[in-house]
1. Please list log₁₀ I(q)/I(0) at q = 0.11, 0.18 Å⁻¹ for the chain, using the Debye equation with identical point scatterers on the alpha-carbon positions.
2. So what's the back-of-envelope 222 nm ellipticity for the chain, counting only DSSP H runs of four-plus at -39500 (n - 2.57) apiece and dividing by all residues, rounded to 500?
3. For Ala88, what is the net charge nearby, where nearby means another residue's Cβ is under 12 Å from its Cβ and Lys, Arg count +1, Asp, Glu -1?
4. Ordered by residue, what ³J(HN,Hα) values in Hz, to whole numbers, does segment 54-63 give under the Karplus form 6.51 cos²θ - 1.76 cosθ + 1.60, where θ = phi - 60° and Gly and Pro are x?
5. Can you sort Asp59, Asp28, Asp35 so the residue with the fewest Cβ neighbours within 10 Å comes first?
6. Using Cα positions and a limit of under 12 Å, work out the aspartates and glutamates in reach of Lys71, with same-chain residues fewer than 8 apart set aside.
7. When the Karplus curve 6.51 cos²θ - 1.76 cosθ + 1.60 is applied with θ = phi - 60°, which whole-Hz ³J(HN,Hα) does each residue of segment 112-118 get, with x for Gly and Pro?
8. Excluding Glu118 itself, what net charge comes from residues whose Cβ is under 10 Å from its Cβ, given Lys and Arg +1 and Asp and Glu -1?
Amino acid sequence: MKKIGCLNSELSYVIAKLGHFDTITIGDCGLPVPDGVQRIDLAVTYGVPSFKDVFDVVDAEAKFQKVTIAKEAIEQNPKFYAMITSWAQKEGVKINIVPHDELKLLSKNSKAVVRTGECTAYSNVVLESNVSF
């Protein structure tokens, strides 16, 4: 059994298989999962686990070069927007802001969509993998 890091076997497997430019989506409990995309459903109940809990584990396991968030989050979820932009600036990750409908379309190309228990609107990201060297 793993001693540290991501203990969810499905999520750990997807992260380990990410190559340069591959994407993974982390979403709130309402984000639709497109047909044909692997769903990793971590939601237990409203708020558990939170977006931030899952995001922090994924961030610790992989390196990213771009994050896409919904434009609607700027006004309707400013705490989330501030958290993601602060993280991106600290990590040197490019921020891509698109309408929410476009973010949902981008998730169709993700290796997986991770569903959290987050119930705060527009708490969704598409993360583009980078190389770690």
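Derivation of every value follows stated rules applied to the coordinates shown; laboratory data play no part. Quick caveat: nothing in here was measured; it's all calculated off a predicted structure. No Cβ is skipped: glycine too gets one built from the backbone with ideal geometry, and neighbour counts run over all protein chains shown.
1. Results for the chain at q = 0.11, 0.18 Å⁻¹ read -0.33, -0.97.
2. Computed mean residue ellipticity for the chain: -10000 deg cm²/dmol.
3. 0
4. Listing the rounded values in order: 6, 4, 4, 5, 5, 4, 5, 9, 9, 10 Hz.
5. Asp35, Asp59, Asp28
6. Once the sequence-local aspartates and glutamates are set aside, what remains near Lys71 is Asp101, Glu102.
7. For segment 112-118, the Karplus-derived couplings read 7, 10, 9, 9, 9, x, 4 Hz, x marking Gly and Pro.
8. Charge balance in the 10 Å sphere: 0.
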